[in-house]
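The values are calculated or read from the model by the stated rules, or taken from the named source; none is laboratory data. As the structure is a computational prediction, the values presented were derived from the model and not from experiment. Neighbour counts run over all protein chains shown; Cβ positions are idealised from the backbone, glycine included. Surface areas here come from the heavy atoms of the whole protein model, side chains and all, with no ligands, DNA or RNA. Shrake-Rupley method; radii C 1.70, N 1.55, O 1.52, S 1.80 Å.
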Amino acid sequence: MKLKTAIYAFAALAMTATPLTSVAQKWENLARTPPMGWSSWNKFGGNISEKDIKEIADAMVSSGLADCGYVYVNIDDCWHGERDEKGNIQCDPVTFPSGMKALGDYLHGKGLKFGIYSDAGCKTCAGEPGSLGHEYQDALTYASWGVDYLKYDWCNTPDQNPIGSYRLMRDALRAAGRPIVFSICEWGTAKPWEWAAEIGHLWRTTGDIGCMFDNDKQYGKGYWNPLGVMQIVDKNEPLRTYAGPGHWNDPDMLEVGNGMPENEDRAHFTLWCMMAAPLILGNDVRDMSDATKAILTNKEVIAVDQDPLGIQGWRFMSREGIEYWYKPLADDQWALCLFNRNRDAKKVELDWKDLATHDIISNRDFKPAVDRYKYRNLWSGKDEGYTGKNTTVTIPGHDVILYRFTPAK
């Protein structure tokens, strides 16, 4: 009874209007580049099982996804059973009969990492047991299972202060003694980019993503109405100054391979890489088309996302529906994405001197000698020339061209 009283006292502190002053720190030296992996929610929702997760893990290895850096296998909502008589969280004995420790061992045996899901409230978004009042207890349980990544949601938290609640779980994870990436899923309501860098390794900046590209498409009604890819891009892009190694803006999981056409999948993936976003797959990797696999395993495009500088790229210009995105890279290199927001193809002339002296770029002290860079098209895999000579390109509708620029000797 005394233990239960103490646990609820911690929870009460988390809900106070003034956030806790914390002496603990998040686990450092994790997520130095945006995390890469897979999550069960976008494709499976709550219909998950131990069998599914093992088959996904097998496919991530056999398909080459793991070799590309997708190492986290994250089990989202609905893995839960009931708490036992001591309050310890259990997995569903029917869908996860071997238990979470055994599943974690299986993933680690494949060279993968184990991610799990909980919620700061009394219940998860799907109505399963949340962690409110059990933060330290759950953190110890996750550590004993070998968990490497925790996504912590924000449903059923009407009277809680998000800073206090997320600090409480951060401290619990630290006290549990196992380094765990902490993913804050507060949906951007309380502007976590302003306070979460000391608490977690990534934070959601928007509501849930849906498998749609345009803003004018309808997708259900009510609270669960997700956002389109471009709505999320427009919300996440202005937040670039808050992101960096170990603390990332998270515009939600990828929808590549879940029903959009190839051009929109390619644009979606490219913009996430330009924004230095976590690359968490949401498709059924056991049954990918060749086109989907080619997008997700393009190592040159992934390298833009995983660049060690950790700078989130930004949209510095838009002309007639063509967006120009810029991302500084290590070793005096840089990426330029040309994104056609129009439905129809557009032809544009690339005047390198004009682009290189654009105000927003030059304000970053980027003033190259424009004839000293060679550029490579990362989607065609071809070197296309040097910046001393202008060129004209055609960009298909809802598609991208992605270049990487390297100093030419």
| Looking at (1) more than 26 Å from residue 32 (Cβ to Cβ); (2) open to solvent by 20 Å² or more (accessible area, probe 1.4 Å); (3) aromatic (Phe, Trp, Tyr), which is the one condition that is false for residue 154? | (1)
| Sole residue being at pLDDT 95 or above, open to solvent by 10 Å² or more (accessible area, probe 1.4 Å) and in contact with a Gly (Cβ under 7 Å, 6 or more places away or on another chain), chosen from 175, 143, 197 | 143
| query | Do you know which of the residues in the range 62-82 that are aliphatic (A, V, I, L, M) and closer than 17 Å to residue 302 by Cα is surrounded by the most Cβ atoms within 10 Å (Cβ to Cβ)? | reply | 65
| said: Here is a check on your reading of the model: is residue 112 in contact with a Phe, Trp or Tyr (Cβ under 6 Å, 6 or more places away or on another chain), open to solvent by less than 10 Å² (accessible area, probe 1.4 Å) and closer than 22 Å to residue 34 by Cβ? | reply: no
| field | Residues satisfying the stated conditions in the range 144-166, i.e. in contact with a helix residue (DSSP H, G or I) (Cβ under 9 Å, 6 or more places away or on another chain) and on the phi > 0 side of the Ramachandran plot | value | 146
| field | Residues of the range 73-117 classified as in a loop (DSSP other than H, G, I, E, B) and on the phi < 0 side of the Ramachandran plot, total | value | 17
| Odd one out for residue 132, checked against (1) buried (at least 17 other Cβ atoms within 10 Å of the Cβ); (2) without any contact (Cβ under 8 Å) to a residue 60 or more places away in the chain | (2)
